[in-house]
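Chemist: First the structure, then my questions, so here it is.
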Amino acid sequence: MSEQNLSERFIGWAQREPSIRALTLIGSRARPSDAPDAGDEHSDWDFQVVSSEPRQFETRDWIDRAGLGPVLAFVWRGGRLGSARKATALFADGELDVIVISSRQLALVRWLLRLGLARRIGAVDRAMTDLATVLRGGYGMLKGEREWGGFFSRVASSGRVARLSDDDVRNLADGFVCDYQSTRKKIDRGELLAAQRWLHHQLAEANFALLHELRQRRGTPSYPDARRLETSVDKRELGAVRVAALPTAESLRAAIAASAQTCRELAHELVGSTWQWPEAIE
């Protein structure tokens, strides 16, 4: 079975399933085929469902009911933006990522938005920002247009996207310094695999986030989680955030020093002299 058949099987089930009040195609597959960030043969299928029974997606039982075929792996976990959960299912003919939103909770958000209160409640404001960030990347409503189309359109055009404030930047840079010191100690103890992991999971991720914010402020194309860096940034930027380190003390020390220099430069570009690398730390 082809990936196209996989998406058609899921869409057909979701359109028939009464507990699914809205179905939206999101991600790279929702973008025009001539867009630079359009989906390709390697892209998975990303959907967003608004459901009156969101807990049904916590197990793989819904996959059998949907008739999607044998599943190779299934996981229920947090989405990238944090305010929604996601079901991921891997099949021989493709992969589905389904972001699940409770229809009751979303109806409350819509009501608060109509009253002008949504931005005054932190959790609601964050949820709307996350939703807007997803929708701004491109979406197509496949079910529920009459009930939810206007709300989705308003959120998508609100200009709200996940961004870092100057305080967020300074906090991220301070966190980098703490993690840099921790990584140095791991190297000194001979915990080289732990140091290599910390380099990739903490230091590199912080620099990816800073570069993403810098490019957004400049109005240049950017994608979170270091996606499409190889095709969207110039060689200098790519070289600055690229991480390459063998599990040896010499290689790791050179890599974390390079990452630290990148952090200094990115933070300076973003917040100027309002943040400085501590002089007491090499």
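Chemist: Picking from ALA87, ALA257, ALA204, which is most flexible by a Gaussian network model of the chain using Cα springs under 10 Å?
Modeler: Top of the fluctuation ranking is ALA257.
Chemist: Which semi-axes, in whole Å and largest first, does the equivalent ellipsoid of the stretch 82-226 have when worked out from the alpha carbon gyration tensor as the square roots of 5 times its eigenvalues?
Modeler: 35, 20, 15
Chemist: Each residue of the stretch 211-224 in turn: what ³J(HN,Hα) in whole Hz from Karplus with 6.51, -1.76, 1.60 and θ = phi - 60°, glycine and Pro shown as x?
Modeler: Ordered by residue, 3J(HN,Hα) equals 5, 4, 5, 4, 5, 5, 5, 7, x, 9, x, 8, 9, x Hz.
Chemist: May I ask you to compute the full-extension gain from ARG146 to ASP168, defined as 0.36 nm times their residue separation minus their alpha-carbon distance, rounded to one decimal in nm?
Modeler: Between ARG146 and ASP168, full extension yields 4.1 nm more.
Chemist: Translational diffusion coefficient of the stretch 166-274 at 20 °C, 1.002 mPa s, Stokes-Einstein with Kirkwood Rh over Cα pairs, in µm²/s as a whole number.
Modeler: 152 µm²/s
Chemist: Calculate, in nm to one decimal, what ARG253 and LEU90 gain on full extension: separation in residues at 0.36 nm each, minus their alpha carbon distance.
Modeler: Between ARG253 and LEU90, full extension yields 54.9 nm more.
Chemist: Report the Stokes-Einstein translational diffusion coefficient (µm² s⁻¹, integer) for the stretch 3-156, Rh taken as the Kirkwood radius over Cα pairs, at 37 °C with viscosity 0.692 mPa s.
Modeler: 206 µm²/s
Chemist: If packing is taken as the average number of other Cβ atoms within 10 Å across a peptide's residues, how do 216-228, 93-105 rank, most packed first?
Modeler: 93-105, 216-228
Chemist: Cross-link partners among lysines for LYS143, C-alpha distance below 22 Å, same-chain residues fewer than 8 apart left out?
Modeler: Partners within reach: LYS86.
Chemist: How much length, in nm to one decimal, is gained on full extension between GLN105 and ARG136, taken as 0.36 nm per residue of separation minus their Cα-Cα distance?
Modeler: 9.1 nm
Chemist: May I ask what percent, to the nearest 5, of DSSP beta bridges between residues of the chain are antiparallel?
Modeler: The answer is about 75 percent antiparallel.
Chemist: Let me check against my output: what whole-number percent is the relative contact order of the chain, with C-alpha pairs under 8 Å and at least 6 apart?
Modeler: Relative contact order, the chain: 15 percent.
Chemist: Hey, another quick one. At 222 nm, what value in deg cm²/dmol follows for the chain if DSSP H runs of at least 4 each add -39500 (n - 2.57) and the sum is divided by all its residues, to the nearest 500?
Modeler: -15500 deg cm²/dmol
Chemist: Quote the convex hull volume per residue of the chain, based on C-alpha atoms, as a whole number of Å³.
Modeler: It comes to 159 Å³ per residue, whole-number rounded.
No value in this document is a laboratory result; all are computed from the given coordinates. As the structure is a prediction and not an experimental result, all values here were calculated from the model. We place every Cβ from the backbone using ideal geometry, glycine too, and count neighbours over all the protein chains shown.
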